[in-house]
Amino acid sequence: MVPGQHRPLQLMNGRHRAAVIGDPAAHSLSPAIHRAGYAANDLAWEYEAVTVTPDELDGFVRARLDDPAWAGLSVTAPHKEAIVGFGEADEPTKLVGGGNTIVFGDEPRVYNTDVPGFVRAWRAHGMERPRSAAILGNGATARSLVLALAGLEAREVVVLARRPERAGAILDLARMLGLHAEVKMLGESPGPVDLVASTIPAAATSPHAPALAADARVVFDAVYDPWPTPLGAAAQEVGRASLNGLDLLAGQAVDQFFLFTGHRAGFEECRSAAAAELKRRASL
């Protein structure tokens, strides 16, 4: 062993493997984040990205539930709702109806770290409390943002949906959390709001981006590659502050890394690792 070098650590239970699963998953920056955390904490762990189709999900997860080397899985689209069936859900997961983390063990647990992750990212940028927000979309990520906004003491949410008739669940959640909530067609103005947050494909925001950015104090787009998205570019054009998917990815990874390993990884370290990986890919 080289003098001054730390000996790699592992958890006492011997678990040392994790992965991100999705369909697809190869694009994920989670491996770069978690591997950087392992290096910073001297952990001899492995982390990979695995494309798992909905038909393969049950077999893939159950095989790893029974493998003592596996600590857990990061979960991305389209599996955030389905993963809830594989473990005891924490409260945010129950409220949102979807999780992004499953931790294995005698009693597997499903967590939604997107909720505290957005709160962490918002505060890391020193933003003032958002009293009002417009959210584009109504899926698991959009519902996670509603819960996060409630935690940030927001008061009003407008859901901008391509299919307003499908927005019942997100409206019910917002109202249950004490927020004033309404739905409008995507393309309608939400009125002046502190935050416009998009969880839909970037191309779908393009016709509406300039008007939305003009209505907002801060813009968030869950997409991070390529950046800027139409909404991000519109925010830059009118001088609005913006967050993107790297901020959410880094924010949620802080808790996820701790849940898997019992060790800490900071927000800035996670975001830097993700940004460095994006830069590396762009240079190839």
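Per-structure values
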item: Selection within the range 86-103 - under 20 Å from A250 (Cα atoms), in a strand (DSSP E or B) and not polar (S, T, N, Q); result: I102, V103
item: Residue within the range 124-137 that is over 14 Å from F220 (Cα atoms) and buried (at least 21 other Cβ atoms within 10 Å of the Cβ) present; result: no
item: Number of positions in the range 8-31 that are touching a helix residue (DSSP H, G or I) at 6+ places or on another chain (Cβ under 7 Å) and modelled with pLDDT under 95; result: 1
item: Only listed residue being at pLDDT 95 or above, farther than 29 Å from A273 by Cα and either basic (K, R) or surrounded by fewer than 22 Cβ atoms within 10 Å (Cβ to Cβ) (or both), chosen from A214, A233; result: A214
item: Conditions (1) modelled with pLDDT of 95 or more; (2) farther than 28 Å from G168 by Cβ; (3) out of contact with any Phe, Trp or Tyr (no Cβ under 6 Å at 6 or more places or on another chain): number failed by D66; result: (1)
item: Complete set of residues in the range 76-92 that are modelled with pLDDT of 95 or more and either of a type in the set (A, V, I, L, M) or not assigned by TED's automatic domain parsing to the domain that holds I21 (or both); result: A82, I83, V84, A89
item: Members of the range 23-58 found to be of a type in the set (G, A, S), closer than 12 Å to V75 by Cα and surrounded by fewer than 22 Cβ atoms within 10 Å (Cβ to Cβ), listed by number; result: A25, A49
item: Members of the range 65-97 that are over 19 Å from the mean Cα position of the chain (by Cα) and under 22 Å from L43 (Cβ atoms); result: L65, D67, P68, A69, W70, A71
item: Helices (runs of 4 or more DSSP H) completely within the range 125-226 that count 2 or more residues being under 20 Å from the mean Cα position of the chain (by Cα); result: 140-151, 168-176, 202-205
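The values are calculated or read from the model by the stated rules, or taken from the named source; none is laboratory data. As the structure is a prediction and not an experimental result, all values here were calculated from the model. In this analysis, Cβ positions are derived from the backbone assuming ideal geometry, glycine residues included, and neighbour counts consider all displayed protein chains.
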